[in-house]
1. I need the full set of residues from segment B:106-126 which are surrounded by fewer than 20 Cβ atoms within 10 Å (Cβ to Cβ) and at pLDDT 90 or above, in order please.
2. Here are B:Pro12, B:Pro62: which of them is at pLDDT below 80, within 23 Å of A:Ile72 (Cα to Cα) and in a loop (DSSP other than H, G, I, E, B)?
3. For segment A:62-84: of the residues being at the interface with chain B (Cβ under 7 Å from one of its Cβ atoms) and assigned to a helix (DSSP H, G or I), which is surrounded by the most Cβ atoms within 10 Å (Cβ to Cβ)?
4. Here is a list: A:Ile4, A:Ile39, A:Ile49. Which entry is loosely packed, with under 14 Cβ neighbours inside 10 Å, at pLDDT 85 or above and not charged (D, E, K, R)?
5. For segment B:126-164, which positions are assigned to a helix (DSSP H, G or I) and among the small types (Gly, Ala, Ser)?
6. Here are some conditions: (1) surrounded by fewer than 16 Cβ atoms within 10 Å (Cβ to Cβ); (2) more than 11 Å from chain A (Cβ to nearest Cβ). B:Leu180 meets all but one. Which one does it not meet?
7. Pairs, please: C-beta under 9 Å, at least 6 apart or cross-chain, first residue more than 14 Å from chain A (Cβ to nearest Cβ) and over 28 Å from B:Arg81 (Cα atoms) and in segment B:205-231, second surrounded by fewer than 23 Cβ atoms within 10 Å (Cβ to Cβ) and of a type in the set (Gly, Ala, Ser)?
8. Any residue in segment A:41-58 that is within 12 Å of chain B (Cβ to nearest Cβ) and among the β-branched types (Val, Ile, Thr)?
Amino acid sequence: MNDITAAASVFSAALAVGLASIGPGIGQGNAASKAAEGIARQPEAEGKIRGALLLSLAFMESLTIYGLLVSIVLLFANPFVGRG
Amino acid sequence: MNVTQQALNSLPLTASVEVGKHLTWQLGPVTLHGQTMITTWVVMAILIAFTYFGTRKLQRVPSTVQNFLEYIHDFLSGIARDQIGEKEYRYWVPFIGTVFLFIFVANWLGQLPWRLFHIPSGELASPTNDINTTLALALIALGSYIYAGLRKSGLGYFKHYLESPILAAVWVLEFFTRPLSLSIRLFGNILAEELVIGVLILLVPLLVPAPLMLLFLLTGAIQALVFATLTASYVGEAVEDHHDEHH
């Protein structure tokens, strides 16, 4: 693996995680604030709201995880090693 | 050789971050990932032993382990009932429960200090840390919801494919995207957990990783819940009546 490929891999691994965490971060913030509003309005529904919140947070989290997976592949299992 | 990996492995510490290294066993033409097999067996042994000894001497008024097992059963059938519906859910409780319990125990097992046991290559970790395990689970989920649809309405299950070619394309695509997202979600989450723990142990070996490990117990449980809930909801969608409009 030459230096250009190594540098590009490390750089794009950082980009993959960084960019992939922007959208889910905003989404999780929205979801959490709405859930807090819902609990404030109806404290008796807290259990159900918390369940739905955790489940949907896990879904949003998985989008970041996809980005993380790309960067892990680039760092530890780079398919471009030995080419070029 | 990878530059990052070299940098990580050349640090003067005993701990190291290992990704994608496996203890391979050759079984005829099949190559097995040894450490995944070992921890899968451990998970199965825990589950089987627990349920076996918990269901000896069943009593009308449950106590201790039997009580706990009944609580777990109520929880699991609650997941199935919420997603599949009152009419059909009983048939699917064993499957959904098995999926949940296996992933749950597997995720939590990964937080044990497995690196104390040295094996020739790679290191012991939770079996869901291996994409093969999660992909197999996702394919089982795919097969089971197709089976659920066929069992409920025979070949009529595929009737809604004939209505519109564009929607049919989307539904065919779903056969690929659903197992993909199920497996990658679980695999990525667990791998990320173990990586974060690995990197932290590399930096600060004592105390600092402990609160994160507690957090990862929570996320491991949530991932098991997500996988089971999604499988149940796919099954539920397959067994609902197809006469009314598809959402």
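1. Residue satisfying the conditions is B:Trp108 alone.
2. B:Pro12
3. A:Ile65
4. The match here is A:Ile4.
5. Listed by number, the residues that qualify are B:Ala136, B:Ala138, B:Ala141, B:Gly143, B:Ser144, B:Ala148, B:Gly149, B:Ser153, B:Gly154, B:Gly156.
6. (2)
7. Between residues of segment B:205-231 that are more than 14 Å from chain A (Cβ to nearest Cβ) and over 28 Å from B:Arg81 (Cα atoms) and residues that are surrounded by fewer than 23 Cβ atoms within 10 Å (Cβ to Cβ) and of a type in the set (Gly, Ala, Ser), the close pairs are B:Pro205/B:Ala15.
8. no
The values are calculated or read from the model by the stated rules, or taken from the named source; none is laboratory data. Only a predicted model underlies this, so the values are computations on that prediction, with no experimental measurement involved. Using ideal geometry, Cβ is built from the backbone for each residue, glycine included, and neighbour counts are taken over all protein chains shown.
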